[in-house]
1. Defining a contact as two alpha carbons under 8 Å apart and six or more residues distant in sequence, what relative contact order in percent does the chain show?
2. How many nm is it between the label spots at GLU130 and ALA22, if each spot is 7 Å from the Cα in line with the beta carbon?
3. SER61 label point, 7 Å along Cα→Cβ, cut-off 19 Å on backbone N: hits in segment 119-163?
4. Running a GNM on the chain with Cα contacts under 10 Å, which residue among GLY191, GLY104, GLY23 ends up with the highest mean-square fluctuation?
5. Top mean-square fluctuation among VAL79, VAL183, VAL120, Gaussian network model of the chain, C-alpha springs under 10 Å?
6. If you take the charge dipole of the chain about its Cα centre, with +1 on Lys and Arg Cβ and -1 on Asp and Glu Cβ, which of THR110, ALA22, GLY175 is farthest toward its positive end?
7. Roughly speaking, what is the stretch gain from GLU38 to GLN172, that is 0.36 nm per residue apart minus the C-alpha to C-alpha distance, in nm to one decimal?
8. Give me P(r) over segment 5-204, computed from all C-alpha to C-alpha distances, binned every 10 Å, as integer percentages.
Amino acid sequence: MTPIQLILASESPRRKDLLQKAGFSFHVFSVKVSENLEKNLTVDEQILSIARRKIIASLKSYKSLKTQPFLALSADTMVVLNGLPIGKPRDEEEAADFLRLLSGRKHEVTTAVVLAEGPVPADFQDEDFENLKMRQGVQTTHVHFRPISDKEIREYIMTGEPLDKAGAYGIQGLGGNFVEKIVGPFDNVVGLPMELFKKLLQEGGWIVKPGEHG
């Protein structure tokens, strides 16, 4: 089978790092989409919906390979506490609120991964997505936080790390100091469960094209 070019439909440096460390070659091409949650959907369905929005937008916009096949990868990660999703904080105050909620408690981190093969025709519509060669899946990790003091929360927020991360913490950074135990894949909490990604690649019969990432 002919190797295919992998396109990462995400600007997350953490997802880039995970792919690089796993030896995958890829190009980065991300687009902005609404990450508003849809009502009447389960948490898994909501996360998948956002990941699908990202990949559909990327398939429509990616013009570098108009005729050659490529494989688009998108993902979305969400922190969930007692069934309620916690996204990225809007500001430092909300980041502190999120961390107080998570302090001393168990929560889930769920990531949706979607792979779809392009290119798509110029008249491609959202509803045509189901007709593409596509694979998707969801991975959940359980994370236990130790109790966190207000002083620790203030000092952590001053580092700036929490402000662009779901749940207002980065497990691979200073936020890892709050974690008492995890049950499930660590890389899923970082933002991309590599075993699920590899499983979806295998299911789709895709072999990623070798070469430089960029």
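1. Over the chain, the number comes to 27 percent.
2. Those two pseudo-labels are separated by 2.8 nm.
3. Counting backbone N atoms under 19 Å from the label point, the list is 119-129.
4. Among GLY191, GLY104, GLY23, the largest mean-square fluctuation in the Gaussian network model of the chain belongs to GLY23.
5. Maximum among the listed residues: VAL183.
6. ALA22
7. 45.3 nm
8. Per 10 Å bin, starting at zero, the Cα-Cα P(r) for segment 5-204 comes out as 9, 35, 34, 17, 5, 0 percent.
All of the numbers you see were taken from the coordinates with simple rules; none came from a lab. It should be emphasised that the depicted structure is a prediction, and the values quoted were computed from it without experimental measurement. Don't worry about glycine lacking a Cβ; one is built from the backbone with ideal geometry, like all the others, and counts go over all protein chains shown.
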